[in-house]
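This report refers to the structure that appears directly beneath it.
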Amino acid sequence: MLKLIRSNNTLNYLLAFFAMLLLWAYKFIAMPTAVDTGGLHSYFFRFSYESQLFQYMFTTFAFVLAYAFACYASKANFRFQVVESGYQLPTIFFVLLTGSVINTQRCIPEMVSSIFVSLAVLRSFCMYNKHEALKESLDVGLLYGIALVFAYKYIALLPAIIIIMVIVKPMTWRDLLSFFISLLFVVATAFCLVWIFGDFQELIESIHSETMKFVIGEKYNYLNYVFQTPVIFSVLISLLSIFILTVFRKAAEIKFHHSMLFLLLYYIGFLALPISSNESIWLIYFPLCYLLSNVIINTKKNYVRMIVFYGLIVCIIVSQLMQIMYFNTIF
């Protein structure tokens, strides 16, 4: 298995697809509705909280969107070499990580917004080695703006996006201006559309209630940590790799790798706060899929690869069994 996933073989995409089907099977078959764990409720996502039939449709849409992004993660790696010779490993790990928390396997604001934030980060990598990157910074603002429309609290990620752009290249005032113009354009367009076609007062109330909501009981519950065992295991491995692995990288690769490490630490801090929901765990899948791939590719000891890959699989199996036993008492 390790030999296959470390190779440049298109069978890895097929393997990832069937692995994702298996990991999402319980959500499709036995858990058509959500368990309220303090998730975000966006005005632009009201349709996702409807009947059981719609829940099946939105779970399917979430599956397709997540798998498409998983494949794109590897394609982006070919271009930026975040993990040198990583091949399809980012796809494999992203798919595995989506199996961590069953309740997040649905079309929710956190999932869609996390994907757009991740796309914004990858787009910012295109700014490398450019004196001015107005087009790229406009795109970053556009993608991040779309993420904010669906998850208001992700405004807390704004400093992270700006710092990532600074890590990739020295920012000029024109770059920052184009970023904020694009960001404000998306947000203003959303407000205007609601003003014309929707209920503007309801939007304001939605933003106010969402930004004032804190998640305490559901978030700091021991079961939450048990269910997130695969993510906790992956975070520990990724952080330990900083001190264990010695990898010689090109300048661009160093910047991209440091960006992923910074994102991981920033997201951990954000997820620890009561303002974030449990479902915001989607954010952390993105940097982890590259950091775990880095360990598999660059470690010289095969037993370390086995511990990382098969250890993650064991954590996912245990976590899923615990979640299935818990959810069976509800459904």
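Bear in mind that the values in this text are calculations on the coordinates, not laboratory data. Nothing here was measured: the structure is a model prediction, and the numbers come from that model. Using ideal geometry, Cβ is built from the backbone for each residue, glycine included, and neighbour counts are taken over all protein chains shown.
Expressed in nm to one decimal, what extension gain is obtained for the pair Phe17 and Leu236 from 0.36 nm per residue of sequence separation less their Cα-Cα distance? Display every interim value, and only then the final one.
On the way: separation 219, 0.36 × 219 = 78.84 nm, distance 2.63 nm.
My answer for the length gained is 76.2 nm.
Ranked highest first by average number of other Cβ atoms within 10 Å, how do 246-253, 288-295 line up? Could you put the intermediate results ahead of the total?
Working: 246-253: 12.0, 288-295: 26.6.
For the peptides 246-253, 288-295, the packing ranking is 288-295, 246-253.
Order of Val101, Val121, Val226 from fewest to most other C-beta atoms within 10 Å?
Numbers: Val101 21, Val121 25, Val226 14.
The most exposed by this proxy come first: Val226, Val101, Val121.
Rounded to the nearest 0.05, what FRET efficiency do Thr189 and Met212 have when you use their Cβ-Cβ distance and R0 = 25 Å? Show your work: numbers first, answer last.
Values: r = 25 Å, r/R0 = 1.00.
Step by step, r from the Cβ atoms, then E = 0.50.
How far apart, in nm, are the 7 Å Cα→Cβ label points at Lys250 and Trp173?
3.4
If contacts are Cα pairs under 8 angstrom and at least 6 residues apart, what is the relative contact order of the chain in percent?
On the way: 429 pairs, mean separation 86.8, N = 331.
It rounds to 26 percent for the chain.
For the residue pair Leu158 and Ile307, what label-to-label distance in nm results when each label sits 7 Å from Cα along the Cα-to-beta-carbon direction?
Result: 4.3 nm between the two label points.
How large is the helix-only mean residue ellipticity at 222 nm for the chain, computed as the sum of -39500 (n - 2.57) over DSSP H runs with n ≥ 4, divided by its residue count, in deg cm²/dmol to the nearest 500? The partial results should precede the final answer.
On the way: 15 runs with 229 residues, N = 331.
Mean residue ellipticity, 222 nm, calculated: -22500 deg cm²/dmol.
Starting with the fewest neighbours, write out Arg6, Arg106 ranked by other beta-carbon atoms found within 10 Å of each beta-carbon.
Details: Arg6 20, Arg106 25.
Listed from fewest to most nearby Cβ atoms, that is Arg6, Arg106.
Excluding residues fewer than 8 places away in the same chain, name every one of the lysines whose C-alpha is closer than 25 Å to that of Lys169.
Lys75, Lys130, Lys135, Lys250, Lys255
Can you tell me the length gained on complete extension of the stretch Ser85 to Thr10, counting 0.36 nm per residue apart and subtracting the Cα distance?
Working: separation 75, 0.36 × 75 = 27.00 nm, distance 1.45 nm.
Gain on stretching Ser85 to Thr10: 25.5 nm.
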